[in-house]
Amino acid sequence: MKQAANRHLESLYEISKVLTHIEATEVTLRAVIELVVQALPSCGAVAIVGAPGRWATTSWRAEGVDAVDLALAERRAHASLAYFVDGVPTVDAREALEGRHGPGPLIVLPLAVDARPVFGVLQIEPAGAPSEQDLMFVNAVVNQLAIGLDWHAAAEALRAEERNRTANAEARRATAEDLRERYEALVDNLDRALVWEADADSLEVSYVSGVAERLLGFPRADWTERPDFWVAQIHPDDRARVLATLRSVARGGGNQRCEYRFRAADGHTVWLHTGVHLEPKGRQLQGVSADITELKRAEATQRFYAEIGAVIDASVDYPATLEAIARLAVPEFASACWFELVEADGATQCFGAADPAGPHAERVPITARGASLGCLCFTPAIDSPGLEADRAVAEEVARRVGLAIENSRLFRKAEHDSRAREHVLAVVSHDLRNPLSAILTSVDLMGRPGDKPAGKAGQKVEIIRRSALEMERLICDLVDTASIEAGNFSLEQQVLEAATLVHDAVTGQQMHAAARSVALVGQVACEGTWVRCDRHRIRQVFWNLIGNAIKFTGSGGTIKVVAEPAVGGVRFSVSDTGAGMDAADLSHALEPFWRGATARGPGVGLGLAIAGSIIAAHGGKLGVESVPGEGTTAYFTLPTA
């Protein structure tokens, strides 16, 4: 018995060593079974471990035990396990136990730790009747095996959990790295914008996208390794404002934006528009800075054009205008700017401050109406965007300057022509009127009763009188035209009945019309309607309109002077049955000094133009309608009083 006890102890010791180094459960179970059957001779042994639905079976059989007996033993072990797990002997368990045959009893013990669920069984079929020591031995083995397997399972679970944690951490790191690579690829592909992060307190940059190097020329390391690097590149006039904006965001002032100038590595200025916000957890300022240099340059160019326009509009003295434009161009658009103009005598005159490097300066031709006037000369500004952009601005300035010079020269010519015309009109109105008045006075004296020449002499006197009157009318037309153009035309308005104006018009031209065998009639469809006008000037309008109608209406024709109601006033019209005008003549009818192809008799083409100006001074508009071969109608409206 003592010998058996020693075997048991030795086996338990060896089993404990096996259980302290469990690697594979099946290998461990087979080693434990072999140690058990060495201490307790047996016919077979079966160990089952795992959990419902995933049980693993390890079997051993002695020599002479066939496979059928082993399969039956495994069936009995599974039946016992089902009983231990479910607590109720199943039909299968009873059948398996009743079908048992062998030399000794069957030892079946559950594998469990404390009060936790059964996770297996160990079934031994001793070769003989087991002693109490044998039963205690098997029980001790089962306890050791259950604890060892439980520890192994717990360790495996911990190792699996650690592996899962490690795998998850690696996956998260890989995902984070992938996201960062994708983020950097995204921000590095922005065309004209850089992304950055900086400490909210120190403003030291911790990250800047690759666009910064392409856009501004500085290596990325300068941004992250030199604490005050990026602040030093901000234009001195903008630096305090930018820093104030960033500190406001750092204090929780919300998302903010600012625009400022930044010095690039090559020295030129880049305009940046920056939007920045605070990432509170890491106390990081995160910003996006977009290059808006082109936008700022476009805005500055438009302001420059507007300033040029204002200078041009302010004066027609082009030398002063060119000097002012040359000053405006420096220094933003050029280091130096001047104009070289070729005068009428072929001499070249310079306006603006010429650059000593003038021969090497850029030159843009100035033209107007296809003629060369000279050139605009400039040397590029320090922050020049490039010669192509500079020339585009210079060409637009040259175009505007060309128009300004041409307009100035035309204005000077117009002034000269106006003074010449005024001189002629002064001669006409004064020097010609005096002898003309003497002629008319003499003719009137000769026409007195008793003094009137008879026969052919009397006819010649009448011709002289009519010619003198026509000359006087022409002089009056020229003087009126000059007054209208000079803005000295005035009205003396009064309230008159519309019928009175028609009566004045008809009676004043009745004899003239009768002499041409033309019927002149008046029609008033608005009796009792009063209008506000200058009686003398409206009479002048009617006489011009009726005079033209008489000229172009043949013998036996009719001229009607009509007054009829209109919206807000009275519509007056003069209609004839004369030759009429075609569309080409009609489009020029109201232009001064214009006479149609069918015009005949004296006149310089001022009558309708003067009539139109008189009506315009009354707040109306003179209109003309005509159908060739049927006649012409001239009309206008005067407001009711």
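The values are calculated or read from the model by the stated rules, or taken from the named source; none is laboratory data. Being a predicted model, the structure only gives us computed values, none of them experimental. Neighbour counts are summed over all protein chains in view; Cβ atoms, including those assigned to glycine, are modelled from backbone coordinates with ideal geometry. All accessible areas refer to the heavy atoms of the entire protein, side chains included, with ligands and DNA or RNA removed. Shrake-Rupley method; radii C 1.70, N 1.55, O 1.52, S 1.80 Å.
On the basis of being in a helix (DSSP H, G or I), of a type outside the set (S, T, N, Q) and farther than 22 Å from VAL118 by Cβ, does GLU34 make the cut?
Judged against the criteria, GLU34 is a match.
Tell me the residue from ALA353, ALA404, ALA334 that is surrounded by 14 or more Cβ atoms within 10 Å (Cβ to Cβ) and closer than 30 Å to ARG263 by Cα, please.
One residue alone meets the criteria, ALA334.
Sort out which residues of the stretch 501-559 are over 60 Å from the mean Cα position of the chain (by Cα), among the hydroxyl-bearing types (Ser, Thr, Tyr) and more than 14 Å from THR633 (Cα to Cα), and write them in order of number.
THR507, SER517, SER555
Test of understanding: among ALA310, ALA298, ALA290, which residue is within 19 Å of the chain's Cα centre (by Cα) and free of Cβ contacts under 8 Å to residues at least 12 places away in the same chain?
Checking each option against the conditions leaves just ALA298.
Can you list residue pairs whose Cβ atoms sit under 8 Å apart, with the first residue in the stretch 237-261 being within 23 Å of ARG297 (Cβ to Cβ) and the second being small (Gly, Ala, Ser)? Count only pairs 6 or more apart in sequence or on different chains.
If the second residue must be small (Gly, Ala, Ser), the pairs left are ARG257/GLY275.
For residues that are hydroxyl-bearing (Ser, Thr, Tyr) and in a helix (DSSP H, G or I), scanning just the stretch 261-304, find the one that is nearest to LEU328 (Cα to Cα).
THR301
Being among the β-branched types (Val, Ile, Thr), at pLDDT below 90, out of contact with any strand residue (DSSP E or B) (no Cβ under 8 Å at 6 or more places or on another chain) and over 19 Å from LEU40 (Cβ atoms), is that true of even one residue in the stretch 142-149?
no
Which one is least open to solvent (accessible area, probe 1.4 Å) among residues in the stretch 101-123 that are outside any strand (DSSP E or B) and among the β-branched types (Val, Ile, Thr)?
VAL113
I'd like the residue in the stretch 174-201 that is at pLDDT 90 or above and not acidic (Asp, Glu) and, out of all such residues, is farthest from the chain's Cα centre (by Cα).
ALA200
Report yes if ARG303 is surrounded by fewer than 18 Cβ atoms within 10 Å (Cβ to Cβ), touching a residue at least 24 places away in the same chain (Cβ under 8 Å) and not hydrophobic (A, V, I, L, M, F, W, C), otherwise no.
no
Only one residue in VAL541, VAL561, VAL518, VAL524 is open to solvent by 30 Å² or more (accessible area, probe 1.4 Å), within 30 Å of GLY629 (Cβ to Cβ), touching a helix residue (DSSP H, G or I) at 6+ places or on another chain (Cβ under 8 Å) and not basic (Lys, Arg). Which one?
VAL524
All but one of (1) at pLDDT below 80; (2) in contact with a strand residue (DSSP E or B) (Cβ under 8 Å, 6 or more places away or on another chain) hold for THR633; which doesn't?
Of (1) at pLDDT below 80; (2) in contact with a strand residue (DSSP E or B) (Cβ under 8 Å, 6 or more places away or on another chain), only one is false for THR633: (1).
Residues to consider are ARG363, ARG327; find the one that is part of a strand (DSSP E or B) and open to solvent by 50 Å² or more (accessible area, probe 1.4 Å).
Exactly one residue qualifies, and that residue is ARG363.
What are the residue pairs meeting all of these: first residue in the stretch 21-37, first residue within 9 Å of THR58 (Cβ to Cβ) and crowded, with 19+ Cβ neighbours inside 10 Å, second residue of a type in the set (Phe, Trp, Tyr) and modelled with pLDDT of 90 or more, Cβ atoms under 8 Å, and 6 or more apart or on different chains?
So the pair list comes out as ILE33/TRP60.
Can you name the residue in the stretch 253-264 that is open to solvent by 50 Å² or more (accessible area, probe 1.4 Å) and closer than 19 Å to TRP223 by Cβ and, of all such residues, is nearest to the chain's Cα centre (by Cα)?
ARG261
When only residues in the stretch 574-584 that are farther than 18 Å from GLN510 by Cβ and either touching a residue at least 24 places away in the same chain (Cβ under 8 Å) or assigned to a loop (DSSP other than H, G, I, E, B) (or both) count, which is most open to solvent (accessible area, probe 1.4 Å)?
Of everything passing the filter in the stretch 574-584, ASP582 is most open to solvent (accessible area, probe 1.4 Å).
Among (1) closer than 15 Å to GLY287 by Cβ; (2) in contact (Cβ under 8 Å) with a residue 40 or more places away in the chain; (3) touching a Lys or Arg at 6+ places or on another chain (Cβ under 7 Å), which single condition is VAL208 missing?
Failed condition: (2).
Need the failing condition index for SER289 against (1) within 30 Å of VAL342 (Cα to Cα); (2) open to solvent by less than 60 Å² (accessible area, probe 1.4 Å), just the number.
(1)
Scan the stretch 124-135 for residues that are free of Cβ contacts under 8 Å to residues at least 60 places away in the same chain and assigned to a helix (DSSP H, G or I) and jot them down.
Passing the criteria: GLU132, LEU135.
ALA420: over 23 Å from THR301 (Cβ atoms) and at pLDDT below 70, yes or no?
In short, no.
Determine which member of the set LEU285, LEU272, LEU322 is over 27 Å from the mean Cα position of the chain (by Cα) and within 23 Å of HIS235 (Cα to Cα).
LEU285
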